[in-house]
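Below is one structure, written out as structure tokens, with a few remarks after it.
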């Protein structure tokens with residue numbers, strides 16, 4: 001009986017648990033159904049968007065912004081530029097010709113002098129005394145010569161009367177001739193003394209500007225001294241020496257045969273205005289080590305903007321190409337297949353046109369292979385390909401494009 005009471009509740013619990021468990025497995029949660037429906041709807045929308053929805057038309061490529069310039073026809077001056085060294089047209093180192101003591105200094109440092117201006121006075125008292133002595137000796141010898149000539153005249157008169165022999169007349173003639181030679185020697189001695197006295201006055205031989213003065217009153221100066229008393233440099237006119245490549249020599253000589261070749265120099269004085277001169281000298285030998293020829297240009301230098309020892313940028317037109325086609329130098333592109341330019345077509349697309357470069361300067365490149373008036377790309381070539389669409393814009397340096405125009409574009 002005890003066991004039956006115990007087992008009865010156990011069976012009741014088991015039967016009820018199984019019935020409840022069976023009922024839970026048979027039901028579906030409504031939230032799960034909602035999630036499944038949403039997932040299927042999202043997958044369908046994605047598939048429709050990916051494979052079935054109409055795709056938008058592709059956008060045309062954006063036009064590249066470039067700067068262009070027209071191909072010019074006309075005379076193109078070929079200008080060469082080089083760095084030049086400014087030198088005095090002539091330089092004189094003033095030294096004494098005799099050993100003496102400086103008595104007076106008549107100039108100041110940095111003074112402008114002319115030929116004949118007195119620079120220094122030396123002590124010439126000894127030379128002046130020698131000059132006076134030579135002059136006195138001349139007077140005495142001239143008196144002796146006059147007496148000898150009178151004696152010769154009397155001897156010749158007595159010879160005609162046969163009062164003396166011919167030998168006596170010859171002796172009188174020899175004495176007169178000897179004294180005449182002595183007088184001439186005295187005159188030469190006087191000239192030498194005058195020259196010695198003139199050495200005491202040191203004068204300028206050129207026009208120019210004086211440098212540092214190294215001699216002062218009381219200084220002993222020597223002819224063989226290594227240090228000059230003063231240096232005079234001619235700065236008006238002045239010269240600029242520069243070197244050109246030997247390939248320019250033929251064109252330079254041809255230009256010189258046609259007339260004076262003008263050059264411009266840009267001094268390093270902050271003033272942007274150049275000075276104008278002309279070529280005055282071309283060396284007779286090309287430097288074999290560097291392949292250059294030395295050229296000298298002369299400038300009036302009235303404003304003294306060029307100074308000896310400084311540097312200046314020199315430019316010269318050595319040749320002019322007649323009726324040539326030119327473009328800005330930056331328009332020429334170098335590629336694996338050679339040099340070419342991008343030409344803008346009427347449909348605003350670019351075409352690659354091969355060209356042959358005849359010559360190039362800082363302002364223009366003379367080319368062959370393009371038509372005059374065609375517009376070539378100057379800025380923006382690095383992003384272009386043949387057939388690319390472009391849009392023209394004003395160049396950042398409009399003045400540079402104007403400078404690239406030939407001398408006479410109206411031909």
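All of the numbers you see were taken from the coordinates with simple rules; none came from a lab. Predicted, not measured: the structure shown is a model, and the values here were computed from it. Every residue, glycine as well, gets a Cβ built from its backbone with ideal geometry; the counts of neighbours run over all protein chains shown.
By its C-alpha gyration tensor, with a ≥ b ≥ c as the square roots of the eigenvalues, how is region 138-223 shaped: rounded for a/c under 1.5, else prolate for a/b larger than b/c, else oblate? It is prolate, given that a/c is not under 1.5 and a/b is the larger ratio. Kirkwood radius, region 97-158, all distinct C-alpha pairs, inverse of mean reciprocal distance: 16.1 Å. Between residue 273 and residue 310, the simple spin-label model (points 7 angstrom out along Cα→Cβ) gives 1.5 nm. Once Rg and the Kirkwood radius are both taken over the C-alpha atoms of region 194-233, their ratio Rg/Rh works out to 0.97.
Each peptide among 179-186, 33-40 gets the average number of other Cβ atoms lying within 10 Å of its residues, and from highest to lowest they stand as 179-186, 33-40. Using C-alpha pairs below 8 Å separated by at least 6 residues, the relative contact order for region 81-144 is 27 percent.
Simple spin-label estimate for residue 205 and residue 39 gives 11.4 nm between the two label positions (7 Å along the Cα-to-Cβ direction from each Cα). Would you give the gap between the C-alpha center of region 289-316 and the C-alpha center of region 243-260, rounded to a whole Å? First find each Cα centre; the distance between them is then 16 Å.
Please say if region 215-286 is rounded, prolate or oblate, where rounded means a/c under 1.5 for a ≥ b ≥ c the square roots of the C-alpha gyration tensor eigenvalues, and otherwise the choice is prolate for a/b larger than b/c and oblate otherwise?
Prolate is the answer for region 215-286, as a/c is 1.5 or above and a/b outweighs b/c.
From the alpha carbon centroid of region 138-183 to that of region 216-231 is 52 Å. A simple spin-label model places the labels of residue 106 and residue 195 2.2 nm from each other, with each point 7 Å out along Cα-to-Cβ.
Along the Cα-to-C-beta direction of residue 286, a point sits 7 Å from the Cα; which residues of region 245-274 have their amide N less than 19 Å from that point? Once the point is set 7 Å along Cα→Cβ of residue 286, 245-257 turn out to lie under 19 Å by backbone N, inside region 245-274.
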